[in-house]
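The values are calculated or read from the model by the stated rules, or taken from the named source; none is laboratory data. The shown structure was predicted, so the numbers you read here are calculated from the model rather than taken from an experiment. Reconstructed Cβ throughout: ideal geometry from the backbone, glycine too, with neighbour counts over all protein chains shown. For accessibility, only protein heavy atoms count, side chains too; no ligands or nucleic acids. Shrake-Rupley method; radii C 1.70, N 1.55, O 1.52, S 1.80 Å.
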Amino acid sequence: MSVGGPTPSESDLALLFPRAAALAFGVFLVVIETWRRSAELDELAMWPSIADDYLAGVGLIAASRVASRSTERGRTWLAAAWGATTLMMTGSVFYQLVARTEPDPSGAPVGIVLAVKVAMLTLSGAALVATLRS
């Protein structure tokens, strides 16, 4: 007999990392992109570059919430959100490599921005794999 409610299933436990990471990473994406592009927020031409991070962030937050309510539905939402985020981060890393001689909009050193983006891509890929294996 379990005290304090039902015992989490193996499926619930398998999604614990991708679900928690989706919430944290989703919020991080929105916050970091707002900070990084703050000087460009009023430039309509920059919005496609900004919106991809916002959409990925909101998708991850939504997927985390769905997964907290339903493991089966949540797995699909998490796979879609992590897949889209991994794809977006792959493009972002390669763009940063190509444009490494240009200053970053944030003013941060390009090497640091690239290292953070590679870490974000690695986390995205790991969470996608964990979701698909669950």
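Heavy-atom accessible area per residue, the chain, 1.4 Å probe: how many Å²?
Normalised by residue count, the accessible surface of the chain is 58 Å².
Where nothing but the Cβ of Lys and Arg (+1) and of Asp and Glu (-1) is charged, how large is the charge dipole of the stretch 29-68 around its Cα centre, in debye to the nearest 20?
240 debye
Largest first, what is the accessible-area ranking of SER92, SER38 with a 1.4 Å probe?
SER38, SER92
Could you identify which residue out of ARG65, ARG19, ARG100 has the top mean-square fluctuation in a GNM of the chain using Cα springs shorter than 10 Å?
The residue with the greatest mean-square fluctuation here is ARG100.
Be a star and scan the stretch 103-121 for residues whose amide nitrogen sits under 19 Å from the point 7 Å along the Cα-to-Cβ vector of ASP42.
Of the residues in the stretch 103-121, 105-107 have backbone N under 19 Å from the label point off ASP42.
Below 8 Å between Cα atoms, with a sequence gap of 6+, how large is the relative contact order for the chain in percent?
Relative contact order, the chain: 31 percent.
Would you tally the net charge around THR34, using a Cβ to Cβ cut-off of less than 12 Å, leaving THR34 out, and scoring K and R as +1, D and E as -1?
-1
Under the rule of -39500 (n - 2.57) per DSSP H run of 4 or more residues, summed and divided by the residues of the chain, what mean residue ellipticity at 222 nm is obtained, to the nearest 500 deg cm²/dmol?
-26000 deg cm²/dmol
Using the crude model of +1 on Lys and Arg Cβ and -1 on Asp and Glu Cβ, and no other charge, please compute the dipole size for the stretch 15-134 relative to its Cα centre, in debye to 20.
Roughly 680 debye for the stretch 15-134.
Order of 79-86, 127-134 by packing, highest average Cβ count within 10 Å first?
Listed from highest to lowest mean packing, they are 79-86, 127-134.
Which of ALA62, SER106, GLY91 sits farthest toward the positive end of the charge dipole of the stretch 48-121, with +1 on the Cβ of Lys and Arg and -1 on the Cβ of Asp and Glu?
So the residue furthest toward the plus end is ALA62.
Can you pull the accessible area of GLU43 for me, 1.4 Å probe, Å² to the nearest 10?
Roll a 1.4 Å probe over it and GLU43 shows about 90 Å².
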